[in-house]
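Here is the structure we will look at, set down as structure tokens.
The values are calculated or read from the model by the stated rules, or taken from the named source; none is laboratory data. Keep in mind the model is a prediction, meaning the values are calculated, not measured. Using ideal geometry, Cβ is built from the backbone for each residue, glycine included, and neighbour counts are taken over all protein chains shown. To get the accessible areas, we keep the full protein, side chains included, count just its heavy atoms, and leave off ligands, DNA and RNA. Shrake-Rupley method; radii C 1.70, N 1.55, O 1.52, S 1.80 Å.
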Amino acid sequence: GLLANLEYLKRSPSGLKAVRADVESAIKSVESMIGDILDYSREVALETQPTELAPLLEATLKGSVKRHEGLDISLRYEFKHSKKPLLDRERIIRVLANIIENGIEAISVIGQKKSGVIEVLTRDVTCGDKEFIELTLANDGPAFREEDIPKLFESFFTSGKDKGTGIGLASVQKIVLLHGGTITARNR
């Protein structure tokens, strides 16, 4: 482990730099998990403001892909929305990262592929007298088992991967609902 190699790392700047990146990535992952658990388990007060969605999506996508350096993940965007939604920026970043990470894991862990595609599509939608932005996140990993789809947003449900708390998508759903939105999952 890391501690056993501490003496070697002190003498190896390049090794230390690589380990630092791994540690920072692991810390971000743990912080995100803790945030999901806290958001799921307590009352959440959103702090929203009008937010440019496209740069937020791009930055989150690129950050997630960067954490999976051994994979060849192509990103496809089609932004057709025209409004700035009211968002709690930090929470929406976690929502997006969570869904994108699940997509990457579908490709690499469940699908056992070294390359894949993540698609992001947006468009303006009107429901009654309210305006929304429809955001579609898709991947070319294997399909969901049909019987799992109704359970995806339940707490502690997980399928096809070794790690994970089963809180991620339950927390995602809670944050989306608090923003006045809805979330669904389906196969193509």
ask   = Among (1) touching a residue at least 60 places away in the same chain (Cβ under 8 Å); (2) open to solvent by less than 30 Å² (accessible area, probe 1.4 Å); (3) touching a strand residue (DSSP E or B) at 6+ places or on another chain (Cβ under 9 Å); (4) among the hydrophobic types (A, V, I, L, M, F, W, C), where does residue 133 come up short?
value = (2)
request  = Select, from 96, 56, the only residue that is at pLDDT 70 or above, surrounded by 15 or more Cβ atoms within 10 Å (Cβ to Cβ) and over 27 Å from residue 156 (Cβ atoms).
outcome  = 56
query = Are any residues in the range 99-126 of a type in the set (Lys, Arg) and modelled with pLDDT of 95 or more, and if so, which ones?
reply = 123
